[in-house]
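In what follows, a single structure is set out as structure tokens and then discussed.
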Amino acid sequence: MEKEDYMKLAINEAKKAYGQLEIPVGAIIVKDGKVIAKAHNEKEQKQDTTKHAEILAIQKASKKLKNWRLIDCDMYVTLEPCSMCAGALIQSRVRKVFIGAMDEKTGSCGSVLNLLEDYTFNHKVEVEYGICKEECEILLKNFFKELREIKANEK
């Protein structure tokens, strides 16, 4: 599979979040060409700040591999990770993260700050930007537009 094919799987996860009125972020983790974990945001549903797609995918992959070290694993995520998720990528030893859309408000892999490249941590996560960028951006823009309409109709 190509990296765009993997990102499409992450986009499918993001669409699940969208349908649950969660910010539409999806993440998948791939090892040796096989998807070993899929997740989407569940923060609103679970009322838990830590239920980001990236964290959930890391937890699932760790459980599957029976190891917290996700050596030789790559993550595909539809939105640039926040500082919590970027830290989890470093701590879990993910090899590379492929990012769809950038997050100019809370992104921590190049937008607001870059935890993956600007600091000297014990592990370096490679990063590649702009995979299926437009599709990821449109999904997010449509979600927030609809959410504003829902809130306006509630008034």
key: Sequence ranges 8-18, 120-130, ranked by mean other-Cβ count within 10 angstrom, highest first   = 8-18, 120-130
key: Helix 3-19 axis, angle to the chain major axis (alpha carbon atoms, nearest 10°)   = 40
task = Calculate the radius of gyration of the Cα atoms of the range 86-133 to one decimal place, then report Dmax, the largest Cα-Cα distance, as a whole number, both in Å.
result = 10.3, 30
Between helix 53-65 and the chain: long-axis angle, C-alpha atoms, 0 to 90°, nearest 10 = 40
request  = About the Cα centre of the chain, how large is the charge dipole given +1 on each Lys and Arg Cβ and -1 on each Asp and Glu Cβ? Please answer in debye to the nearest 20.
outcome  = 660
inquiry  = At 222 nm, what value in deg cm²/dmol follows for the chain if DSSP H runs of at least 4 each add -39500 (n - 2.57) and the sum is divided by all its residues, to the nearest 500?
reply    = -13500 deg cm²/dmol
query = Taking a probe of 1.4 Å, how large is the accessible area per residue of the range 1-116, in Å²?
reply = 46
inquiry  = On C-alpha positions alone, give me the angle between the axis of helix 133-154 and the longest principal axis of the chain, in degrees, nearest 10.
reply    = 40
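The values are calculated or read from the model by the stated rules, or taken from the named source; none is laboratory data. In this text the structure is predicted, and so the values were computed from the model without any measurement. Positions of Cβ are backbone-derived with ideal geometry, glycine not excepted, and every protein chain shown enters the neighbour counts. All accessible areas refer to the heavy atoms of the entire protein, side chains included, with ligands and DNA or RNA removed. Shrake-Rupley method; radii C 1.70, N 1.55, O 1.52, S 1.80 Å.
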